[in-house]
Every structure is written in structure tokens, then in C-alpha cells.
1. Count, please, the residues in segment 317-336 that happen to be within 18 Å of N371 (Cβ to Cβ) and touching a His at 6+ places or on another chain (Cβ under 9 Å).
2. Within segment 26-72, take every residue that is without any contact (Cβ under 8 Å) to a residue 40 or more places away in the chain and away from the ligand (no atom under 14 Å from the Cβ) and give me the one that is farthest from the chain's Cα centre (by Cα).
3. Hey, any hits in segment 277-285 for a residue that's more than 30 Å from L174 (Cα to Cα), open to solvent by 10 Å² or more (accessible area, probe 1.4 Å), in a loop (DSSP other than H, G, I, E, B) and not charged (D, E, K, R)?
4. Answer yes if at least one residue in segment 412-427 is open to solvent by less than 10 Å² (accessible area, probe 1.4 Å), part of a helix (DSSP H, G or I), more than 16 Å from the ligand (Cβ to nearest atom) and not assigned by TED's automatic domain parsing to the domain that holds I148, and no otherwise.
5. Residue by residue through segment 101-151, note down the ones that are in a loop (DSSP other than H, G, I, E, B) and of a type in the set (D, E).
6. Can you name every residue in segment 259-276 that is small (G, A, S) and surrounded by fewer than 22 Cβ atoms within 10 Å (Cβ to Cβ)?
Amino acid sequence: MPAQHLNALSLILPNTRFITDKSDMAVFCIDQRARFQADAWAVLQPSTVSDVQALMRYCFHENIPVTPQGGNTGLCGGATPHARLGGKGFIVSLSRLNALRELNLADNAITVEAGMVLAQVQAIAQKAERFFPLSLASEGSCQIGGNIACNAGGLNVVRYGTMRDLVLGLETVLPSGELVSHLQPLHKNTTGYAWQQQITGSEGTLGIITAATLKLFAPPRSVLTAWAGIDNIQAALSLLAAVKNYFAERLSSFEIISNDALQLSAGYSRLNPPVSAVWHVLMEISDSLPCVSNHQEQLFEVLSDADCFNAVIAQSEQERQNLWKLRENISAAQRNLGASIKHDISLPIAAVADFIAECQPIIQQAYPHANIVVFGHLGDGSLHYNVFLPEVLGNDVYRFEEHINILVYECVLKHSGSIAAEHGIGQIKNHWLPRVRTAEEIAWMRSQKHFFDPNNIMNPGKLLPSETDV
Ligand SMILES: Cc1cc2nc3c(=O)[nH]c(=O)nc-3n(C[C@H](O)[C@H](O)[C@H](O)COP(=O)(O)OP(=O)(O)OC[C@H]3O[C@@H](n4cnc5c(N)ncnc54)[C@H](O)[C@@H]3O)c2cc1C
């Protein structure tokens with residue numbers, strides 16, 4: 001059966017690489033933290049939009065499941081096929097559909113194909129004296145299509161918003177193979193339903209994103225990066241309020257890091273922690289003007305007004321990079337502790353301190369040896385809340401995942417937070433959807449899914465609660 005489909009496709013997809021050798025496919029069939037693994041008939045890598053259309057037309061007609069894949073850095077099992085498909089279907093990797101279509105400096109917009117790696121978009125913008133602000137620790141591998149599909153967030157959301165705020169226009173191939181193209185650089189366009197908003201955050205369940213027009217900004221020409229040691233979360237929140245109040249939109253990042261997370265990263269990065277404290281804040285203030293000489297003085301003033309004397313400000317680009325390395329290496333450093341149960345949550349900023357104070361004892365009552373590593377983007381209220389069980393080896397820890405999720409998510413919901421701040425739902429949280437979206441909202445989502453994908457071939461088993469995706 002797969003051979004028959006592969007033969008037929010090889011005749012209609014002149015610009016597609018077929019990967020059928022199981023050892024070559026392996027890296028596409030497992031997610032980056034080895035949490036989800038499932039087989040497929042083949043990995044297909046089209047390099048033209050017309051091939052994506054022909055491929056989808058064929059799969060629609062033959063009822064073949066398709067799993068879109070970008071850089072495969074997602075953390076919710078969205079980009080690997082669902083095990084319930086039993087190996088049926090194709091992984092469609094967008095890596096070769098990666099051209100720059102247009103750089104439009106007058107409109108501050110860039111149009112790129114979905115497979116372009118995020119770091120490359122940043123580099124093109126920088127070369128043109130512009131700035132693309134989406135920034136994640138995975139930016140060297142994740143792709144624009146994946147960033148849009150997940151509505152990625154990252155380090156600069158406090159100033160520039162999430163991917164949803166950065167997309168001006170989209171081009172998408174529907175499950176039927178039809179092309180919906182609305183690539184436009186307009187920053188104002190109120191002409192009815194917004195296609196780009198419908199697709200952003202849809203996690204590959206409504207179609208394959210093939211290109212996007214994205215907003216660019218003036219580059220930050222003067223940047224102040226500070227690291228502050230803090231006694232407790234409440235003090236970090238007071239500092240956030242003071243810095244926001246004073247520097248307003250110039251505050252581009254405000255990260256929180258627990259001392260456990262810092263110690264892990266410092267060892268991994270071979271760097272000394274900048275200060276000793278229970279909690280740490282890494283913040284960045286930036287301006288498009290090249291010489292803003294008094295910002296440093298003003299920041300010192302704000303820090304001292306907030307009683308925050310345990311702080312350093314980077315005095316060189318090298319020092320700045322070292323501070324960011326300590327933040328960005330946390331994810332990689334955590335792997336030395338083994339597998340963890342990860343939570344990508346957000347909370348109203350005023351509730352963050354209560355959540356942290358309440359959740360830890362709840363978990364440690366059930367799992368006395370649990371080690372909780374907390375870090376994240378406090379400026380926008382989102383946290384990575386990762387639970388390690390040191391006595392449990394490897395992927396065995398996932399036996400406790402459902403129970404630990406209940407403990408964490410119930411506490412998040414009690415404080416009116418979200419169980420998915422920026423990584424999405426994928427196949428790991430879809431059974432939680434009825435707890436976080438109303439029945440009416442889920443019915444509306446299902447109606448959209450049914451309209452675009454009546455045969456449920458687009459990324460089945462993801463986002464919507466399973467079994468009855470459509
Ligand atoms: C070290 C590390 C740090 C991270 N930090 C952050 C962070 O700070 N903020 C954050 O938001 N995320 C973060 N992530 C998560 C991840 O990098 C993002 O979710 C990213 O946006 C995924 O992009 P990707 O290209 O790897 O997508 P993939 O993992 O390949 O896919 C993710 C989802 O998008 C769908 N998809 C991919 N491409 C397309 C397409 N062209 N059309 C339709 N659907 C598509 C897939 O089917 C899947 O459902 C981090 C991950 C790692 C490993």
C-alpha cells in the first residue's frame with residue numbers, strides 16, 4: 001500500500017525529496033526530547049508550493065494522514081505522527097521550502113517561506129538594519145512555519161508580543177490542496193475575518209503554512225542588560241512594575257530564573273553565576289537611538305528604589321552574551337538531570353507569587369524528593385515549571401506525568417492561568433482542552449476543523465481532544 005502511494009507521488013512531485021530509509025527517517029519520527037516517537041510511510045520534503053499543493057490534493061483524495069514538521073523543536077509532540085495512526089501516512093518536512101521572497105524596507109516587512117530557520121530571518125533583518133524580535137533558545141533550528149503554527153513567544157514578548165502580533169500575511173495550503181494566499185505588508189487592513197489569526201496557533205491541524213509576511217522593527221542600537229539577585233518572587237514583581245513604569249516600551253525582556261536553574265546552567269555553560277541569590281532576574285532595556293547615555297544611571301536608580309542592590313549591568317557585548325548564555329542554556333543543562341515533566345504555563349502577573357508559593361508544597365507532599373526547576377518570561381507572566389523525580393530513571397518519569405500535571409494545572413487554573421503559554425497543545429495536553437476552553441469554543445474549533453479538513457487528515461490527534469478530532 002505505501003509503495004503504491006509513493007510510486008504515484010513520485011510521478012506528480014518533481015520537486016520533492018523522498019526519505020524512505022528507516023534510519024534516515026528516524027530523526028523526523030522522534031521529538032527532540034525523545035518523548036514521542038511514531039513511524040510513518042515516508043518523510044516528504046517539497047521545495048515548491050505547487051508540490052505541497054499536489055501532495056495535499058493526493059492525500060485528501062486518498063485519505064492519507066499528514067503530519068507537518070518544521071524544525072522539530074516543539075515540546076508538545078505536535079510535529080511527530082500520533083501513535084494511533086499506526087505508522088500510516090507522511091511526515092511533510094518544510095525544511096527545503098525556505099526562500100526569501102521579499103524584503104520590503106518601506107513597509108518594514110519581510111516575506112519568507114515557511115521552512116526558513118528563525119535565526120536566518122533575524123540575520124537577514126539585521127543585515128538590512130532592521131530587527132525581527134522573535135527570539136527563542138531554539139532559534140538556530142526552529143522554522144517560521146513552526147513558530148506561526150505554535151504562536152511562539154520567547155524572550156521579547158513583553159515589548160513585541162507573540163508570533164500572532166508579528167504576522168501580517170500568510171500563505172497556506174489547505175488539506176484539499178487549495179492555496180489561500182494573503183501575503184501583504186499592510187499594517188492596517190480591516191476587511192473581515194483575519195486568515196492569519198485563524199491559522200496562527202492552529203498547530204498544523206488546518207493546513208500547511210508555506211510562506212508568511214512578517215513585521216520588522218528598527219534595530220536596538222543601545223542595549224542595557226542587567227542581572228539582579230532577588231530574595232523572593234514578590235520582590236521580582238515589584239522590580240518588574242518599577243522597571244515597566246519607568247522604561248515602558250523600552251523594556252524588551254524580563255526573565256526570572258530560580259537559583260537551581262541558574263546553578264545547572266552555570267555548570268553546563270562553565271560560567272560563574274553573576275550574583276548569589278534565591279531568585280534571579282535577567283532584564284534588557286533597549287532603544288533604537290544609538291547613544292542613550294543616561295539609561296544606565298536611571299536603571300541603577302530604579303534598582304535602588306526597589307531595594308535591589310545585588311545586581312550587575314553588562315559592561316561589554318561579551319558580558320551581555322555571557323548573561324544570556326546562562327539563561328538560554330537552562331533547557332540544555334536540565335537534560336543532565338534526566339527527563340522531566342515540563343509545564344509551559346502563564347498566570348496573571350499578580351498571581352505568580354501565590355502560585356509558586358502554593359504549588360511547590362503540593363507537589364512535594366506527593367513526591368517528597370521532587371526537584372522543581374522554574375524559569376521563564378516573567379515580564380509576560382509565563383513560566384517554565386519543570387518537575388524532576390531524581391529517583392526515577394529516564395522516560396519512566398512519564399508514568400507520573402498525568403498525576404503531576406493534575407497537581408500543577410489545578411493550581412494554575414485556580415489562579416486563572418493558562419496550561420499552554422507558548423508551546424501549544426499538541427498531543428500532550430489535548431485532553432485538557434475542555435478544562436480551559438468553553439464547550440462553545442470547542443464546538444467552534446471543531447466546526448472550523450470540519451470545514452477545512454472534513455476527512456481529518458491534517459495532523460490527526462493534535463490540539464483537539466482525541467478520538468473525535470473533527
Ligand atoms: C531549547 C528550547 C527552547 C525553547 N524555547 C521556547 C520559547 O522560549 N518560546 C516558545 O514559544 N517556544 C520555545 N520552544 C519550543 C519550540 O522551539 C517552538 O514551539 C517553535 O515555535 C517550534 O518551531 P518548529 O519549527 O521547531 O516546529 P515543529 O516542532 O516542527 O512543529 C511544531 C508544530 O507546528 C506544526 N508545524 C510546523 N511547521 C508547520 C507548517 N509549515 N505549517 C503548518 N504546521 C506546521 C507541527 O505540525 C507541530 O504541530 C523551545 C524549544 C526548545 C527545544
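The values are calculated or read from the model by the stated rules, or taken from the named source; none is laboratory data. Because the structure is a prediction, the values reported are computed rather than measured. Using ideal geometry, Cβ is built from the backbone for each residue, glycine included, and neighbour counts are taken over all protein chains shown. Side chains are part of the model used for accessible areas, which takes the heavy atoms of the whole protein and leaves out ligands, DNA and RNA. Shrake-Rupley method; radii C 1.70, N 1.55, O 1.52, S 1.80 Å.
1. Residues that pass the stated criteria total 2.
2. H61
3. Of all residues in segment 277-285, those more than 30 Å from L174 (Cα to Cα) come to 277-285.
Among the residues that remain, those that are also open to solvent by 10 Å² or more (accessible area, probe 1.4 Å) are: 277-279, 284.
After this cut, where a residue has to be in a loop (DSSP other than H, G, I, E, B) as well, the list is 277-278.
Then keep just the ones that are not charged (D, E, K, R); that gives 277-278.
Checked against the condition, which is being more than 30 Å from L174 (Cα to Cα), open to solvent by 10 Å² or more (accessible area, probe 1.4 Å), in a loop (DSSP other than H, G, I, E, B) and not charged (D, E, K, R), segment 277-285 yields at least one hit.
4. Looking for residues that are open to solvent by less than 10 Å² (accessible area, probe 1.4 Å), part of a helix (DSSP H, G or I), more than 16 Å from the ligand (Cβ to nearest atom) and not assigned by TED's automatic domain parsing to the domain that holds I148, one finds at least one in segment 412-427, hence yes.
5. Residues of segment 101-151 in a loop (DSSP other than H, G, I, E, B): 105-108, 114-116, 128-130, 132-134, 136-142, 151.
D107, E129, E139 - these are the residues of segment 101-151 that are in a loop (DSSP other than H, G, I, E, B) and of a type in the set (D, E).
6. First, pick out the residues of segment 259-276 that are small (G, A, S): 261, 265-267, 269, 276.
The answer is A266, G267, S269, S276.
So that you can scan it fast, the table gives a plain yes or no per residue for (1) basic (K, R); (2) farther than 24 Å from A218 by Cβ:
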site	(1), (2)
E284	no, no
Q296	no, no
D305	no, yes
S316	no, no
R320	yes, no
K325	yes, yes
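Let's see how each residue does on (1) surrounded by fewer than 22 Cβ atoms within 10 Å (Cβ to Cβ); (2) within 21 Å of the chain's Cα centre (by Cα); (3) not hydrophobic (A, V, I, L, M, F, W, C):
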| position | (1), (2), (3) |
| --- | --- |
| T210 | no, yes, yes |
| V223 | yes, no, no |
| A226 | no, no, no |
| Q234 | yes, no, yes |
| N245 | yes, no, yes |
| A248 | yes, no, no |
| S253 | no, yes, yes |
